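Each remark here refers to the structure printed beneath this line.
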Amino acid sequence: MERIILASASPRRRELLEQLGIKFDIVVSTETEENIDKSLPPEAYTSELALLKAAAVGKKLTELNRKNSIIIAADTVVYFEGKILGKPKNDVDARNMLKMLSDNRHEVYTGICVMRLKDAYTVSRSVKTSVKFKSLTDAMIDGYIRTQEPADKAGAYGIQGMGAVLVEEIQGDYFNVVGLPLSCLYDILKNEFDVDIFG
């Protein structure tokens, strides 16, 4: 039986994978270059980054002689008016992002890559969810930034936390916005890797 490996330090992705009842280890590679061309379409950008993360962890596991592993890697971005919004560099950057998203609709893309290390069989997908923000006042934006929640989130908000109150509606997979599209992941594991959480 292959061991499932989550190639992410994200506590949100860890919690989501735990929700599926899957036993897994966390292995993160610090070598992943996140300097992919941001002018790529968001589907390609996130899929490519997830693949790079999976490959970097695969290299690490191969060196540790742990080739009997299935690696799950993901990358999430917010996409608005032709621009990819990653994590804010600082509070000013977070404020600018939130002002842009205020009273507007944007898309959240998560690229997901699942890789079986022993034969390098790899499946990649990109999942899109549409999110509409309510109109945000400066006081709301400043108050939210003071919570520190935007600091490590793509697009400067976390829908699973206090950022939930900024959102008016979503169309698509909620868990995709959190950072791991569980329904898509289940389909990949079951149909491509014969891993079924329901036995």
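Coordinate-derived values only; no laboratory data. Since the structure is predicted, the reported quantities are computational estimates derived from the model, not experimental observations. Quick reminder, even Gly has a Cβ in these numbers, built from the backbone with ideal geometry, and neighbours come from all protein chains shown.
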Checklist entry - How many nm is it between the label spots at residue 120 and residue 68, if each spot is 7 Å from the Cα in line with the beta carbon? => result 2.2
Item to check | Expected 222 nm ellipticity per residue - DSSP helices of 4 or more, -39500 (n - 2.57), all of the chain, to 500 | outcome: -10500 deg cm²/dmol
Item to check | Cα-centred dipole magnitude for segment 34-82, charges only on beta-carbon of K, R (+1) and D, E (-1), debye, nearest 20 | outcome: 440
Checklist entry - Taking the Cα centre of the chain as the origin, how large is its charge dipole in debye, to the nearest 20, when only Lys and Arg (+1) and Asp and Glu (-1) carry charge on their Cβ atoms? => result 300
Checklist entry - Per 5 Å bin from zero, what fraction in whole % of the C-alpha pairs of the chain is there, up to the bin with the longest pair? => result 1, 8, 16, 20, 19, 15, 10, 6, 3, 1, 0
Checklist outcome for this item: The aspartates and glutamates whose Cα lies under 20 Å from the Cα of residue 134, excluding any fewer than 8 residues away in the same chain, are 81, 93, 103, 107, 142, 149, 168, 169, 173
Checklist entry - In the structure displayed, which of 83/118; 38/190; 89/118; 89/132; 60/83; 23/53 lie more than 30 Å apart, Cα to Cα? => result 83/118; 38/190; 89/118; 60/83
Checklist outcome for this item: Expected sort for 133-141, 107-115, 12-20 on mean C-beta neighbours within 10 Å, highest first, is 107-115, 12-20, 133-141
Checklist entry - Ranked highest first by the average count of other Cβ atoms within 10 Å around their residues, in what order do 39-45, 57-63 fall? => result 57-63, 39-45
Next on the checklist: Output the 0 to 90 degree angle, nearest 10, between the alpha-carbon long axis of helix 182-193 and the longest principal axis computed from the alpha carbons of the chain.
Outcome noted: 20
